[in-house]
Amino acid sequence: MSQRSILVLEDDARFGAQVVELFGFLGHRVTLASTGASGIQAFSEEEYSLLVCDLTLPDMGGVAVVRAIRALPGGAELPVLLMSAVYKSPKLFERELRELGVVEFLPKPFSLIELGRTVEVLTAESAEVSGGDARITATGSWRTEKVRTLLGDGEPAFGKSGDFAQRDLLFMMFEGFHQHVAGRLSLRNDKVARELYFLNGYPVWASSNVKEEQLEAVLVRNELLTVDEAKTVRRLSFQEKVSYGAAAMSSGLVSERRLLMAEKDQVRQLVVGCFAWKKGQYEFQKGDSFVSQIPIHEVNPLSCMQEATLRHLELNELAPEIYPRGEHRLVPGPRHDRLMPYVVLPEALEGLAEAISDGMTVGELFVTYRAYTEKLIKMLWLLFRLGIAESMEKLPDSPTELPVGLSDEEEEEPVPPPPVTGDLPFEEMSTMREIRLLMSREAWSAATPKLRGLARSYPESVTVLSALAWCVYNLGVMPGGDEEAARDEAISLLERVFSIDLEHALAHHYMNRISGRPVIE
């Protein structure tokens, strides 16, 4: 992305500083002016690629500023983005927007993610963007055809109602974000009901019919209210016919800042918590008529999807989509530049962004992050699904050899995974190869259920039994595992191997590692 120079006119110092920080992070040079006159002066002294201007400035209106800049050298073709917290609908000044060729209007509040993505499109395509075909969008903003094509126009890619499975929610949230939808998504699972509200594609409010998930419980849980104080606020809310949050603040028991923090935390936790459901029913009602009726707390949808994936999606369901890519190189996906800056990687995987840019193989990542295999699999799965990263097959001179076995301060000889030969029918060889790959990456929790299935079908297979013993043992020594029970089961499985083939060398290696018995020569 080439660096662009952006002129920002915003009189709110705090918000202006956030915009400057955002645009700087995206690689642009930014000039911030707090008045119309200083903004016009700045434009007359320097060439800019984009103007971002608030509609209400202390000395003059944003429309007047744009009109003045249009009359200056270089101002006629300048892409202009207007924003306003006062004027919510572009219908109020549609004639001026069209006359001045404004390519984008964003009514506040909007997400900084939304602003960043829009500015990236406008700066990348500035030579081609024109306001001549701009119109009012389905979400109530004003957008030119070029930006509509690149960012979407608010129509969700899913139906208005129906059943959903766990991963469907991820698709719905991402598509809503990608298409900038505004509306209410009602979700139901048995007797539990939640409602998620979206503006410009990101969650801004959420509610639940479960008492433990409502604001009162959140305030008590965060120790902002005692149980008795919570009851007092509830009575006040009923008597004054106001929301619980409004009553908590008017009572003086909770400050506005703490209330806003608690409400935002509630929104995030309700959004993420929906992904714990394996299935349910949904209904989507498009529109933003709720804006004046509820608090607005923008929540990063990518962060929610990431937390939901790490917390609620099953590793064994995602791993089969990752392991076959072991020899593939990572490359940036089509949405990498737009979305990667907003992904907050887990601390343990902080080098993953560089790995994508450097073209590391998936197999190399499993070696680098061998202690965080589960997190790595889930993050890779999410990055692939969001189009942030892709994997590209390569033809190596030889397969990537990954270390296997326990390691300690004394350098021990690695224990090899079981050979794909011998006592299994041909049709099971591909399954055993996949298991070998899982074991080589120490993905014991993914390999073990596959091996148990094979052991039920082929109870006399020493290849399967020895591999199962090693996986069971390694699962047991992991944090949270039952090491003693795992060791006993592993030894029992290896004893079965010896009853079939007393000289099975790999089984003796495993037994030596597990129990200390000497390895036969």
query: Fewest to most neighbouring Cβ within 10 Å: what's the order for TRP277, TRP205?
result: TRP277, TRP205
Rounded Å value of the spacing that divides the Cα centres of region 40-84 and region 348-363: 41
statement: Listed by chain and number, the residues whose amide H is under 5 Å from that of ALA193, excluding neighbours fewer than 5 places away on the same chain and using placed H, are ASN209, VAL210
task: Would you list the P(r) distribution for region 426-515, with all Cα-Cα distances sorted into 10 Å bins from 0 and each bin expressed as a whole %?
output: 18, 52, 27, 2
- request: Could you order peptides 477-488, 31-42 by the average number of other Cβ atoms within 10 Å of their residues, highest first?
  value: 31-42, 477-488
task: Just rank SER49, SER515, fewest to most, by other beta-carbon atoms within 10 angstrom.
output: SER515, SER49
field: Difference of contour (0.36 nm per residue) and Cα-Cα distance, GLU256 to ASP59
entry: 67.8 nm
field: Backbone HN-Hα couplings from phi across region 451-461 [Karplus 6.51/-1.76/1.60, Hz, Gly and Pro as x]
entry: 5, 4, x, 5, 5, 5, 7, 10, x, 9, 7
message: Check which residues have an amide H placed less than 5 Å from GLY61's amide H, if you skip close sequence neighbours.
response: none
task: Multiply the residue gap between GLU45 and THR232 by 0.36 nm, knock off their C-alpha separation, and tell me the result in nm, one decimal place.
output: 61.3 nm
query: With a 10 Å Cβ neighbour count serving as the proxy for reagent exposure, in which order, fewest first, do VAL204, VAL52, VAL242 appear?
result: VAL242, VAL204, VAL52
- request: Decide, for region 314-392, between rounded, prolate and oblate: order the square roots of the alpha carbon gyration tensor eigenvalues as a ≥ b ≥ c, take rounded if a/c falls under 1.5, and otherwise choose prolate if a/b is larger than b/c, else oblate.
  value: rounded
- line: Rounded to one decimal in nm, the spacing of the 7 Å Cα→Cβ label points at LYS286 and LEU72 is 4.0
Largest to smallest principal axis extent of the C-alpha atoms in region 166-298, angstrom: 41, 29, 23
query: What residues have an amide H closer than 5 Å to that of VAL30, excluding those fewer than 5 places away on the same chain, when H is modeled at 1.01 Å from N in the peptide plane?
result: ILE6
query: DSSP beta bridges in region 1-75, what fraction antiparallel, as a percent rounded to 5?
result: 10
- request: Positive end of the charge dipole of region 203-247 (Lys, Arg +1 and Asp, Glu -1 on Cβ, about the Cα centre): tell me which of PRO203, PHE238, VAL227 has its Cα farthest that way.
  value: PHE238
message: Using alpha carbons only, how many angstrom separate the centre of region 152-227 from the centre of region 237-252?
response: 24
statement: In this structure, among LYS279/LYS450; LYS211/LYS450; LYS278/LYS450; LYS160/LYS450; LYS231/LYS286, pairs with alpha-carbon gaps over 30 Å are LYS211/LYS450; LYS160/LYS450; LYS231/LYS286
field: Exceeding the 32 Å Cα-Cα cut-off - candidates LYS108/LYS191; LYS108/LYS375; LYS241/LYS264
entry: LYS108/LYS191; LYS108/LYS375
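Each value in this text was obtained by applying a stated rule to the coordinates, not by laboratory testing. All values derive from a computational prediction rather than experimental measurement. For neighbour counting, all protein chains shown are included, and Cβ atoms are generated from backbone atoms with ideal geometry for every residue, glycine included.
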